[in-house]
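Below: one structure, written as structure tokens.
The values are calculated or read from the model by the stated rules, or taken from the named source; none is laboratory data. Owing to the predicted nature of the structure, the values given are computational and were not obtained by experimental measurement. Glycine also receives a Cβ, built like all others from the backbone with ideal geometry; neighbour counts cover every protein chain displayed. Heads up: the accessible areas ignore ligands, DNA and RNA and are worked out on the full protein's heavy atoms, side chains in. Shrake-Rupley method; radii C 1.70, N 1.55, O 1.52, S 1.80 Å.
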Amino acid sequence: MISVVIPALNEAANLPGVLSRLAKETVPHEVIVADGGSSDDTVAIARSFGATVLSTPPGRGRQLAAGSEKARGDVLFFLHADSVFPEGGLAAVQKALAENPEAPGGNFRLLFDGDDDFSRWLEGFYAWIRARGFYYGDSGIFIRSRVLKSLGGLRPIALMEDYDLVRRMERAGQTGCIEAPPL
């Protein structure tokens, strides 16, 4: 099972999109929304989609740490609420890990919404830094539960919690990047 952990703070506008796409996934999964004190309908929306909702102090690191502690899956997938999640994305995660049993985890290729030169430049830049083992939570990070546990869990730090996790993952082994379907 894959545990999808979504940190949220006033994400009522974005959450229905990502949760409706996750609801169509055929891979066994659970969705945990770690809410950092939203004042909009984030919590009600998450519950309406059947997600487990955790109330946490604000701060993405704290929210992700709380969500990962509650997760029951063999794989944790950290996903931002404003992501456009691809159809078959969880199957792609499952396949990537099955094809490389030694990989601690990985991420998706990052694409930008804009149809302009700067957006294309950003995509190229992110691909360049990803090839060097640098990536961030915006790209959807997945990790085997046992690996996360061996790394001491997700640190509830205020900034760059994703970078901290990625650096520790990269030291644990060669990670993978799912090129298609893109996130």
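What to note about this one:
- Filter pass, Ala12 being surrounded by fewer than 23 Cβ atoms within 10 Å (Cβ to Cβ), assigned to a loop (DSSP other than H, G, I, E, B), among the small types (Gly, Ala, Ser) and in contact with a helix residue (DSSP H, G or I) (Cβ under 9 Å, 6 or more places away or on another chain): yes
- The residue of region 171-183 that is most open to solvent (accessible area, probe 1.4 Å), among those that are farther than 24 Å from Pro86 by Cβ and in contact (Cβ under 8 Å) with a residue 24 or more places away in the chain, is Ala172.
- Region 131-155, subset open to solvent by 20 Å² or more (accessible area, probe 1.4 Å) and of a type in the set (Phe, Trp, Tyr), residue farthest from Gly59 (Cα to Cα): Phe134
- Just one of the listed residues (Arg130, Arg155) is charged (D, E, K, R) and touching an Asp or Glu at 6+ places or on another chain (Cβ under 7 Å), and it is Arg155.
Here's the yes/no breakdown for (1) under 23 Å from Lys95 (Cβ atoms); (2) of a type in the set (Lys, Arg):
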{"residue": "Gly114", "(1), (2)": "no, no"}
{"residue": "Phe118", "(1), (2)": "no, no"}
{"residue": "Arg132", "(1), (2)": "no, yes"}
{"residue": "Tyr135", "(1), (2)": "yes, no"}
{"residue": "Ile141", "(1), (2)": "yes, no"}
{"residue": "Val147", "(1), (2)": "yes, no"}
{"residue": "Gly153", "(1), (2)": "no, no"}
{"residue": "Pro156", "(1), (2)": "no, no"}
{"residue": "Tyr163", "(1), (2)": "no, no"}
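- Tallying residues that are open to solvent by 40 Å² or more (accessible area, probe 1.4 Å) and part of a loop (DSSP other than H, G, I, E, B) within region 15-30 yields 3.
- Considering region 54-63, and only residues there that are of a type outside the set (Gly, Ala, Ser) and in a loop (DSSP other than H, G, I, E, B), the residue that is least open to solvent (accessible area, probe 1.4 Å) turns out to be Thr56.
- Selection status of Val43, closer than 21 Å to Glu179 by Cβ, among the aliphatic types (A, V, I, L, M) and either surrounded by fewer than 17 Cβ atoms within 10 Å (Cβ to Cβ) or more than 15 Å from the chain's Cα centre (by Cα) (or both): no
- Residues (open to solvent by less than 30 Å² (accessible area, probe 1.4 Å), within 22 Å of Asp164 (Cα to Cα) and part of a loop (DSSP other than H, G, I, E, B)) located in region 64-94: Ala71, Gly73, Leu79, His80, Ala81, Ser83
- Any hit, region 42-53, residues being touching a residue at least 40 places away in the same chain (Cβ under 8 Å), of a type outside the set (S, T, N, Q) and in a loop (DSSP other than H, G, I, E, B): yes
- Pair list, Cβ < 7 Å and 6+ apart or interchain, from region 148-164 residues that are in contact (Cβ under 8 Å) with a residue 24 or more places away in the chain and at positive phi to residues that are among the small types (Gly, Ala, Ser) and surrounded by 13 or more Cβ atoms within 10 Å (Cβ to Cβ): Gly153/Ala65; Gly153/Ser68
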